[in-house]
Amino acid sequence: MSIEVTDELVEKIAVLSRLDLTREEIDGFKEHFEKVLQYVGELQELDTEGVDPSLFTSEASNVLRPDEGAPSLPNEVALRPSPDSEPPYFLVPRIIEDAESSES
């Protein structure tokens, strides 16, 4: 199976990915996609006869650490690097307008 990587294909992938690509970027991605497809083609030619498909699967499951409580930083230490604070809170600039002020 051979897929031709055209400008239209790259543009369609860009639209689906919500990317606005320049002509140079389209050309670069076209070349990159061609190399990826060439590599995948080489992988498909490998003889995997007799290779157990589960050879490299891991038998471990849920290898997350236990959920254990630990002490947190004291407020003074956590607030120290903040440019503005009012213990125990960080102060940040307002980014949402008040409902009353936006009704004008």
Problem set entry | Residues of the stretch 1-21 satisfying the condition of being touching a helix residue (DSSP H, G or I) at 6+ places or on another chain (Cβ under 9 Å) and either surrounded by 10 or more Cβ atoms within 10 Å (Cβ to Cβ) or modelled with pLDDT of 95 or more (or both) | ILE3, VAL5, THR6, ASP7, LEU9, VAL10, GLU11, ILE13, ALA14, LEU19, LEU21
Exercise. If you go through the stretch 65-95, how many residues are modelled with pLDDT of 85 or more and assigned to a loop (DSSP other than H, G, I, E, B)?
Worked result: 21
Exercise. Looking at the stretch 1-50, which of its residues are without any contact (Cβ under 8 Å) to a residue 24 or more places away in the chain and of a type in the set (Val, Ile, Thr)?
Worked result: VAL10, ILE13, VAL15, THR22, ILE26, VAL36, VAL40, THR48
Exercise. Could you say whether any residue in the stretch 23-42 is exposed (fewer than 12 other Cβ atoms within 10 Å of the Cβ) and not in a helix (DSSP H, G or I)?
Worked result: no
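The values are calculated or read from the model by the stated rules, or taken from the named source; none is laboratory data. Because the structure is predicted, anything quoted here is derived from the model rather than measured. Note: ideal-geometry Cβ built from the backbone for every residue, glycine included; neighbour counts use all protein chains shown.
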